Amino acid sequence: MFPLSRNFVKFAAAGALVALTAASTPARADDLIQNLGPVGPYEPILATIGSKDVIAFYVPGKGGCDVQVVTWNGDDTNANTAGGFKVSLSPGQTTSIDSAENKSLTLRCGDLAEALAAVDTDHQVASK
């Protein structure tokens, strides 16, 4: 067994910290970090749909999810293009946010309104 020098341990720890930081940092300072959930109440879903950036969160209400969504053009530094909407979803219900580039983000209220998550509607199977 080889004894590890104190400098080697410091170097390894610093390298691990740099690797973990780089893995969670966007490529550019103005890139939005993606978080597609599931998230709990008041926690944000962060996404990009085509040229739109999206922040969505929910508050439990009347047994469902009261969802607040804000969108804006990703290249708009003055937030002149910001807009939003509110929607109340029952558990299991979904809402979609569409972009002009024919891309969409679908949000689903979880069972008992305990979570909100983005879902991949391209791979869902319809059933009766």
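The values are calculated or read from the model by the stated rules, or taken from the named source; none is laboratory data. Predicted model, so just to flag it, every value in this text is computed and none were measured. We place every Cβ from the backbone using ideal geometry, glycine too, and count neighbours over all the protein chains shown.
Brief remarks on what is shown
- Test: residue in the range 79-101 that is modelled with pLDDT under 95, in contact with a helix residue (DSSP H, G or I) (Cβ under 8 Å, 6 or more places away or on another chain) and surrounded by 12 or more Cβ atoms within 10 Å (Cβ to Cβ): no
- Of the residues making up the range 38-77, those that are closer than 16 Å to Leu112 by Cα, crowded, with 17+ Cβ neighbours inside 10 Å, within 13 Å of the chain's Cα centre (by Cα) and without any contact (Cβ under 8 Å) to a residue 40 or more places away in the chain number 0.
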